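Only one structure is covered here, and it is reproduced in the block below.
Nothing in this text is a laboratory measurement; each read-out follows from the coordinates by a stated rule. On a predicted model such as this, the values are computed, not experimentally measured, just so you know. Heads up, the Cβs are rebuilt from the backbone with ideal geometry, glycines too, and the neighbour counts pull from every protein chain shown.
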Amino acid sequence: MNVSNKFSILILVMFGIAIGLGCYSFIYAKGYSYMLDDPKACVNCHIMQDNMNSWQKGSHHHVAKCNDCHLPHNIVGKYAVKALNGFNHAAAFTLQNFHEPILIKEHSLRVVKNSCLSCHQPMIQAMTRENTSHNENSNCLHCHRSVGHAK
């Protein structure tokens, strides 16, 4: 067996180990659950339990799940943000470098605001015609912070 064949076998073995570890981690961490729309996936990490509890007390509990507010409403945006957030969450929890209690990032706040605007567009249009204090630059969560997550 020449050096080239040995190197090829070594590369294949290393690739196999990486794939095996990735699959094991995916199954152990219940990664498949993040592909679904079940709010229970959000509490796979213990740090999210407070958020789940507060969502269950929120006024939108019966009409909106986590993905309805925290992901864009188009298919490409939904899975792009889901992948980005999944990678960031996995890295933060693996490396143990996250703020406790967990804080929403600016990008995610924009997604949530766009979700508010998307679902409540008719009401917002009526309000902006009558009241100039509500416009597309308003932050819905400034006044309605406990709608999604009641404390």
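Structure summary
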{"item": "Rounded to the nearest 20 debye, dipole of the chain from Cβ charges on Lys, Arg, Asp, Glu", "result": "120 debye"}
{"item": "Most fluctuating residue given options Leu141, Leu103, Leu12, as computed from a GNM of the chain linking Cα atoms under 10 Å", "result": "Leu12"}
{"item": "Percent RCO, i.e. relative contact order, over the chain, from Cα pairs under 8 Å lying at least 6 residues apart", "result": "30 percent"}
{"item": "Compactness index (Cα Rg / 2.2 N^0.38 Å), the chain", "result": "1.41"}
{"item": "Kyte-Doolittle mean at least 1.0, axial Cα span of 15 Å or more - DSSP H helices of the chain", "result": "3-28"}
{"item": "Dipole axis of the chain (+1 Lys, Arg; -1 Asp, Glu on Cβ), positive-most option in Ile47, Gly16, Leu117", "result": "Gly16"}
{"item": "Residue-by-residue Karplus 3J(HN,Hα) for segment 66-71, coefficients 6.51, -1.76, 1.60, Hz, glycine and proline x", "result": "3, 5, 4, 9, 9, 10"}
{"item": "Residue-averaged 222 nm ellipticity for the chain, from DSSP H runs of 4+ at -39500 (n - 2.57), nearest 500", "result": "-18500 deg cm²/dmol"}
{"item": "Only Lys, Arg (+1) and Asp, Glu (-1) charged, at Cβ; segment 1-86 dipole about Cα centre in debye", "result": "120 debye"}
{"item": "Cysteines (scope the chain) whose Cβ has no counterpart Cys Cβ under 4.7 Å", "result": "Cys23, Cys42, Cys45, Cys66, Cys69, Cys119, Cys143"}
